[in-house]
1. Any residue at all in the range 256-279 that is of a type in the set (A, V, I, L, M, F, W, C), closer than 26 Å to Glu179 by Cα and in contact (Cβ under 8 Å) with a residue 12 or more places away in the chain?
2. Taking the range 342-354 on its own, how many of its residues are part of a helix (DSSP H, G or I) and either modelled with pLDDT of 90 or more or more than 26 Å from Glu131 (Cα to Cα) (or both)?
3. Of the numbered conditions (1) free of Cβ contacts under 8 Å to residues at least 60 places away in the same chain; (2) closer than 24 Å to Val718 by Cα, Gly631 fails exactly one; give the number of that condition.
4. What is the number of the single condition among (1) at pLDDT 70 or above; (2) in a helix (DSSP H, G or I) that Ser1362 does not meet?
5. Step by step: first the residues of the range 1428-1450, then only those that are in contact with a His (Cβ under 9 Å, 6 or more places away or on another chain) and not small (Gly, Ala, Ser), then the one that is modelled with the lowest pLDDT. Which residue is that?
6. Among Gln361, Gln339, which is touching a helix residue (DSSP H, G or I) at 6+ places or on another chain (Cβ under 7 Å), in contact (Cβ under 8 Å) with a residue 60 or more places away in the chain and in a helix (DSSP H, G or I)?
7. Report, by residue number, each residue of the range 704-727 that is within 18 Å of Tyr114 (Cα to Cα) and not in a loop (DSSP other than H, G, I, E, B).
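The values are calculated or read from the model by the stated rules, or taken from the named source; none is laboratory data. The structure displayed is predicted, hence computed values, not measured ones. Quick reminder, even Gly has a Cβ in these numbers, built from the backbone with ideal geometry, and neighbours come from all protein chains shown. Just so you know, the surface numbers come from the protein's heavy atoms only, side chains and all, with ligands and any DNA or RNA stripped out. Shrake-Rupley method; radii C 1.70, N 1.55, O 1.52, S 1.80 Å.
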Amino acid sequence: MGCRAQSAPPWKEVYQHLAYYVPKIYCRGPNPAPQREDLLAQHVLLGPMEWYLCGEDPAFGFPKLEQANKPSHLCGRVFKVGEPTYSCRDCAVDPTCVLCMECFLGSIHREHRYRMTTSGGGGFCDCGDTEAWKEGPYCQKHELNTSETAEEEVITVEASCFKTLTKSDTYYCMLFNDEVHTYEQVIYTLQKAVNCTQKEAIGFATTVDRDGRRSVRYGDFQYCDQAKSRNTSRQTKPLKVQVMHSSIVAHQSFGLKLLTWLGSVIGYSDGLRRILCQVGLQEGPDGENSSLVDKLMLYDSKLWKGARNVYHQLFMSSLLMDLKYKKLFAIRFARNYRQLQRDYMEDDHERAVSVAALSVQLFTVPTLARMLITEENLMTTIIKTFMDHLRHRDIQGRFQFERYTALQAFKFRRVQSLIVDLKYVLISKPTEWSDDLRHKFLEGFDAFLELLKCMQGMDPITRQVGQHIEMEPEWEAAFTLQMKLTLVISMMQDWCALDEKVLIEAYKKCLTVLMQCHSGFTDGEQPIVLSMCGHSVETIRYCVSQEKVSIHLPVSRLLAVMNILLESRFIKQIPPMLIEHPLRCLVLCAQVHAGMWRRNGFSLVNQIYYYHNVKCRREMFDKDIVMLQTGVSMMDPNHFLMIMLSRFELYQIFSTPDYGKRFSTENTNKVFYVLLLYFIFTGERFSPGIGQVNATDEIKREIIHQLSIRPMAHSELVKALPEDENRETGMESVIEEVACFKKPGLTGRGLYELKPECARNFNLYFYHFSRAEQSKAEEAQRKLKRQNREDTALPPPALPPFCPLFASLVNILQSDVMLCIMGTILQWAVEHNGYAWSESMLQRVCFLIYNYAYTKGRNMYFSILTWIYRFGLFACILAMLETLQNAPHLEVHKDMIRWILKVNLTYITSSRDKDKAERKRKAEIARLRREKIMAQMSEMQRHFINENKELFQQTLEELDTSTSGVHENSPVISDAKLTALGPEQTRVAEHRQVVMCILCQEEQEVKVDSRAMVLAAFIQRSTVLSKNRNKTTPDPEKYDPLFMHPDLSCGTHTGSCGHIMHAHCWQRYFDAVQAKEQRRQQRLRVHTSYDVENGEFLCPLCECLSNTVIPLLPPPRVLFNRSVCFLNVLNKCEKIPNKPHPKNPFQKCLLSSVLIISNGLNPYSESIKEMLTTFGTATYKVGLKVHPNEEDPRVPIMCWGSCAYTIQTIGINLFVYKCSINKFIFLSALVPNEKNGNLPCILDIDMFHLLVSLVLSFPAIHCQDFSGVSLGTGDLHLFHLVTMAHIIQILLTSSTGIVSQKQRTPSNALKEISSGWHLWRNLKAGIMPFLRCSALFFHYLNGVPAPSEIQGTFEHLCSYLSLPNNLTCLFQENSEILNTLIESYARESNKLIDLPDDYSCLINQASNFSCPKSGGDKSRAPTLCLVCGTMLCSQSYCCQTELEGEDVGACTAHTYTCGSGVGIFLRVRECQVLFLAGKTKGCFYPPPYLDDYGETDQGLRRGNPLHLCKERFKKIQKLWQQHSITEEIGHAQEANQTLVGIDWQHL
């Protein structure tokens, strides 16, 4: 509230005014009325303040302020939940710098590499913040205005709080939100405590979750307290409930309204905003922390969610919009940081609704962060606050996470946010250092070292001997802490490297702390002396397999990096102490790989896995290697090797003659690891500071070795590479140099393949390979070399030179101890029968020699020979290599040995080798000759077949005759002669159809009088062709399906996988499935991929979902080629008692058909009749959603309708479908119908449905001879009649849709006539779908082969259907009908909705979507129906509705109105397609949106821009049009059983 500065404000009167009116406006009853309350508050409370503030009518005053306003150059748009945000990967200072959609589209970053995410709510747009962007900080809308801001009218705004309350005797029982209880627990407790219905309880729970609180009772204190006392639960702690005075609740409600009002008022004027900031930050009379801002922050944890959100948004729209006040607020925030974090630890709300989350808005601003470090010592504050919450320590002061309670684990998860705050502070590195900054940073570095000191050696483990460990120790917390600190440690190193003074001081501090840590690691170690090859070294006796060892050594690893940065100028005197603990860690890994620690359980295996994993290896495994490389470069290599052999417990093996005959397989594995480490020490030089390379070379090498395993997608490569503090891997800058991108097809992902020229950089013993990856990479590279006819040896690649500090590393290969080790292993290889050795040892030795030779060249290699000769090993080495080259058990390694002998020694080739090479050359020549001869024979065979096509065709036909299949006995008929119906119908001889049962594998010919052969089929209601989805479903008990409306609002579709079974085999199979499912239910293992109770089963062969079977029959018209007179039958009809007498010819037709069956004239066997009844009943049950009733006269009509609807569906996808319609065109036996009411208008009848019904029922009313000719003539007349009716429909239906049905008369139509050519063209287009469906129908009805051009022109269809090309000839007898010609109407096939090309448009649309039942609240899971385009609030209690007595989610309910139970949805915030079928079936499907790398991004985790892939969207559309959604769901649930457990009805 505000007032003029000239006069003193009458605060007392204001207090009294509010105290009197607020309780009278707000909280007047049990149910809140926010619209009425806000209206009254505006008139009575806020309106007068607006007048007082403006000095005139606010309707004129506020626009004046807005017109004179010079707004901030910052955008400051506060993001809604789910709103799209954009971050530029090229220009953003850190990943937290984001733009709203409007600013992004108007900025230069649109053309850069950007990341798209959805906001969790609470942040704001950083457009205009110059410290957030390296380039382009302003969009077009917020470009910096250099004009001076005019001084606003001075307005003094002072805020105060009032405590005067009116006396009242009403109370509220207020339920508050927490993050402990689930929706179900809250709903259950509410029903029990306040006696409400489940629907009311759901409403309460939804409001509590959204706003943070909700009153559940209103009345006197006792009445409300009674509900509070019932809030008990045995499983969880009670809900958070308070009984509050109604006046207090009223003033709280008005307080929220007032904060919202202030936020809107300061939007009119930047001056008002600055004044509000001044008043908010002004200290009160109580001194420190007495300002309004301080009080709000410190009381944050005591407020409910709704109140927090309101004042957080006010902070962001006021304090954070100006750098001056943002700085003052940051200082207040830093001073209160410890208390705010303590409150957050005790709070049970998410961090997003805590004031502590505002740290990201302050600490990521570089100038603010460095100011807070210098002035408020922020680094030290954050680190000490973090350590205050980790109080569990062991005797040595190390962190101890053993057996955390649930509460401690909860707090540990929360305390990790402090590490994120520390990362925010360090993410922007300083360019200039002041003395104060150095001092405060080093002070913070001291605190950070104390943190690392508590981690050094934590979670020590001892090898379990004897029995297996009883309980797995806690290890995850320590590794979680390590992973969270990985980036912080890297940033600390980067800060130190920027200033030499800081680096030197930091190094000294780090070394001092490491010495302190080592003093606690004595463990009773005794000094010993090791001697080998004339060298001796003094070390300590330490056995990793017997003593304690820890994998956590952050101080040692931090020092390893500083050694490189300072070039190790301080540690030349004490290297053994520095390498001790990293060496122990690598020994532990070797022993675990050797199987020595199996009894320690999976916890240790997991630790070793993460030690090498990309998430941790940069600050763990890699740094241990660096430290050991430093030690090797600064020690006598012989001393280092002896210490290393001692720690690996291999010293005796290499120092004692013939000891190798007695060592175990465990020692063999350790030798592998030692040799691998030797190779890593000398070969891994691709890290900056170790080798003469840069960061780009390091990334290239990582990518090359990942792609050496197999081609990978972009997301897989990103996961395999370490990320920096900006979540960047640097891959995009080098990927084009080493890999080629292969675009994806309709399925799969885009893949990067390694370029052939980069394969030479492959290193078989790349130190980041796991064992499995190494094996796969070796196999892939050898296969590639074999394909290219190259030598299969995989020598090490060329290596860059070492930096000067590590130049002496190569001396390890020419040391005496190394030569002894290599000579011993070569001796084992020669005498392999007496030693526990393996080929891998020899391979590693060869790699060591190869690597050194390649590095130093021939001259340096001869220095090795000098050493060998001095030890008397020269002749021995040559002899051993020569022997091993020809050893039959070392075939794989001969190429490597031969290369070593050839390049580094004089190439020694024995006569045996020459003979073998000659034999190999001759064998290759013979192989090529054989291949050439086989190619010639194949070409001659192909030529002979082409010259004798007819002979081979005849042979194939004879072969088909001897086996099962369909055999045509008629001569070949040209397409020009094919006619499907009428007197000129093409006569096709009968053919045999022999099929095989998939269950019993027996063959049988398809006959009408044989046992029934059936196909698995699935019947479903469909709206795929619907033109009116809003049409209400009629009562199924009274609905008459005789005439289908042209809008096809709901039809019945029948599909089949085409697999054939005997009827009795299927019946046995189905009975077995039913029995199996009954047993499952008894064991509480209900299988929901199909519902046996509804007759569903899976096809035995392809597991396609089915719910009935269709009998396989010959073309129906073949049955009526006999001469049968039906006059007697009709006469009998009139004489039979108790039969209803038909009142019209159509009913007489139906009755006659029944009499055919009753008098035994039906030609089908009993088995086929039973299957006909089964299919008819299933169609009736599913199509009308009623109980089965074989006697209902609507059964055949539903079958006709299903036949017609399915053909119409096929007609849409004629090129896709080529299925056998005769699978369900079979019903020649009909059932009488009840009375029909008034016949519908011609415009209300779907003519193709009518055609099918008339043709199939026509034989029953044909009262002359029943020959095929007369029957065909009848079909032709019926077809002509229906065709003319359809033409009339087309002509009378206006395409504009303006003329109503009653106005569609010839006189009205004549007014809209255009040219005759235009009319004829539109008429042809309109009738084509009908003609295609008719052609399919008569093709399978009469068995006449379809011409190849049936898909094509109008003329071919007319010829096939005995229609004149000029359709007006049909109307010659009634030429006056031509006067009704109008513009044509053509039925178009339905399609899914059009989707935007850019996915962010959908995200923006979803962010503006409000839940229709939650008072304007934004939906958490907005879901788009792809059939009709409706946006739904999915997966929430608020929008659940009751369907058939069960509560279902919005999507499930929508499927029943839009898709007859089947639906396709796009979950916008997850970028995921959802298929639903009924209440219990569903699956997720890949979305049609791909990024530039050909990958989907389900969950929007990667954030790459997504664009619509039209081909994939067409594939989804085809699944829908072909009614394959249910089948797709069934296959998905069978393949992934986790989908079965999802409650799909709640989506």
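1. Yes; the residues of the range 256-279 include at least one that is of a type in the set (A, V, I, L, M, F, W, C), closer than 26 Å to Glu179 by Cα and in contact (Cβ under 8 Å) with a residue 12 or more places away in the chain.
2. 5
3. (2)
4. (2)
5. Across the range 1428-1450, the extreme among qualifying residues is Tyr1437.
6. It is Gln361.
7. Residues satisfying the conditions are His714, Ser715, Val718.
Conditions (1) closer than 30 Å to Phe124 by Cα; (2) assigned to a loop (DSSP other than H, G, I, E, B); (3) modelled with pLDDT of 80 or more, marked per residue:
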residue: Tyr15; (1), (2), (3): no, no, no
residue: Pro23; (1), (2), (3): no, no, yes
residue: Pro32; (1), (2), (3): no, yes, no
residue: Gly47; (1), (2), (3): yes, no, yes
residue: Gly61; (1), (2), (3): yes, no, no
residue: His73; (1), (2), (3): yes, yes, no
